[in-house]
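Here is the structure we will look at, set down as structure tokens.
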Amino acid sequence: MDLDTDVIRFATCHDVDRIWAIRTQAIFNSCAAFYTQDKITAWAHSPMPRDFSHILVTLKAIVYEENGRVLGFGFIDSDKQSLESVFVDPTVHGKGIGKTLAFALQKQAMKAGIKVLSLSASLNAVTFYESQGFIAQEPSFWLHPSGVKLECVPMEKALLHC
């Protein structure tokens, strides 16, 4: 993937703590209107997986960086043909960072030969992914490793290859 090193780059092991903090802040700030407080708390306070750094590097996660500060991240799993996450620091929501990351991840998926990219959207993210051309399926549930059962919406997008 050709990344603009001034804005988007591959994540490194040095980004892990900031990435986890963005994820946690986004859950607390963006999900409150969609999930009960006990589910949000259990989800957000779940411990970082021990191999999270390895996962990010292996799956070629990308970060959006501005003035040396990581403001968002995302990654796909090419084997599963899925977009695993896009999270943006809540203090910069609405500035196009999520769209920029989603577009870059879709390009990465196309280069990996993925024809249909799937994801499991949290309820607060459905509208965002629809704006990116993903089609919602029937609502479902995702069992978080912490044991919390979260309602989600499976979504798919056919990727156009040139």
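What's the total number of residues in the range 112-124 that are among the aliphatic types (A, V, I, L, M), out of contact with any strand residue (DSSP E or B) (no Cβ under 7 Å at 6 or more places or on another chain) and in contact (Cβ under 8 Å) with a residue 60 or more places away in the chain?
Counting residues in the range 112-124 that are among the aliphatic types (A, V, I, L, M), out of contact with any strand residue (DSSP E or B) (no Cβ under 7 Å at 6 or more places or on another chain) and in contact (Cβ under 8 Å) with a residue 60 or more places away in the chain gives 0.
Which fully enclosed helices (runs of 4 or more DSSP H) of the range 1-78 have 2 or more residues being open to solvent by less than 10 Å² (accessible area, probe 1.4 Å)?
16-30, 37-44
Determine whether Phe128 is out of contact with any helix residue (DSSP H, G or I) (no Cβ under 9 Å at 6 or more places or on another chain) and hydrophobic (A, V, I, L, M, F, W, C).
So Phe128 fails the test.
Give the residues of the range 107-136 that are over 19 Å from Phe87 (Cα atoms) and surrounded by fewer than 14 Cβ atoms within 10 Å (Cβ to Cβ), sorted by residue number.
Lys111, Gly113, Lys115, Val116, Ile135
Regarding the range 113-126, can at least one residue be identified that is at pLDDT below 95, farther than 17 Å from Phe34 by Cβ and not small (Gly, Ala, Ser)?
no
Any chance you could count how many residues in the range 137-162 are surrounded by 11 or more Cβ atoms within 10 Å (Cβ to Cβ), of a type in the set (Gly, Ala, Ser) and in contact (Cβ under 8 Å) with a residue 60 or more places away in the chain?
Count: 1.
Can Val57 be described as over 23 Å from Leu143 (Cβ atoms), of a type outside the set (Phe, Trp, Tyr) and at pLDDT 95 or above?
When the stated conditions are applied, Val57 does not pass them.
Just for the range 80-94: of the residues that are assigned to a loop (DSSP other than H, G, I, E, B) and modelled with pLDDT of 95 or more, which one is surrounded by the most Cβ atoms within 10 Å (Cβ to Cβ)?
Per the stated criteria, the residue is Asp89.
The values are calculated or read from the model by the stated rules, or taken from the named source; none is laboratory data. Owing to the predicted nature of the structure, the values given are computational and were not obtained by experimental measurement. As a convention, Cβ positions derive from the backbone with ideal geometry for all residues, glycine included, and neighbour counts pool all protein chains shown. SASA here: full protein model, heavy atoms, side chains in, ligands and nucleic acids out. Shrake-Rupley method; radii C 1.70, N 1.55, O 1.52, S 1.80 Å.
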